[in-house]
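The values are calculated or read from the model by the stated rules, or taken from the named source; none is laboratory data. Treat the numbers as computed from the prediction; the structure is a model and nothing was measured. Please note: Cβ atoms are built from the backbone with ideal geometry, for glycine as well, and neighbour counts cover all protein chains shown.
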Amino acid sequence: MKLRSIFLCLVALASLPHNAGAEPLKGAELRNLINGKRIYLSVPLGGEFPLYYKKGGTVDGSGEATGLGRTMKPNDSGKWWVKGPNLCQKWKTWYDGKVFCFTITKTAEAKIAWTRDDGYSGTARIGN
């Protein structure tokens, strides 16, 4: 329980500013970018944490990655969907199952910046 809380805090603290001139993605463009992809969240202590946005609207956070994910092995799954300009997700146990929505801005070919609806922000890399 304590390790899970520490992990969630570290992911939330992975804050970096976005590109001021870039436009957030929305609708089909956002769905096509995320659907069926692994999104590797940058974490503050280095490394990445993968989230797999499966086709059909499920998201897997198994934590099988280098760095923090390999050390702490967090694990949860949930649902994801696109609502207008936002990517929304709801985990079974993480964040007490609360729904969070994100604005996503593409900053490079395979990189995004995200801002969660409570103000936390960060960056990620898009994989296959």
Exercise. Is there a residue in segment 39-48 that is of a type in the set (Asp, Glu), surrounded by 13 or more Cβ atoms within 10 Å (Cβ to Cβ), modelled with pLDDT under 95 and under 18 Å from Thr107 (Cβ atoms)?
Worked result: yes
Problem set entry | Total residues in segment 85-118, condition at pLDDT below 95 and in contact with a Phe, Trp or Tyr (Cβ under 6 Å, 6 or more places away or on another chain) | 0
Exercise. Among the residues of segment 85-107, which ones are in contact with a strand residue (DSSP E or B) (Cβ under 9 Å, 6 or more places away or on another chain) and loosely packed, with under 14 Cβ neighbours inside 10 Å?
Worked result: Lys92, Thr93, Gly97, Lys98
Problem set entry | Residue that is nearest to Val82 (Cα to Cα), among those in segment 49-69 that are part of a loop (DSSP other than H, G, I, E, B) and modelled with pLDDT of 85 or more | Gly57
Seminar exercise, completed: Within segment 79-128, the residues that are assigned to a loop (DSSP other than H, G, I, E, B) and aromatic (Phe, Trp, Tyr) are Tyr120
Problem set entry | Matching entry among Gly21, Gly78 (being small (Gly, Ala, Ser) and at pLDDT 95 or above) | Gly78
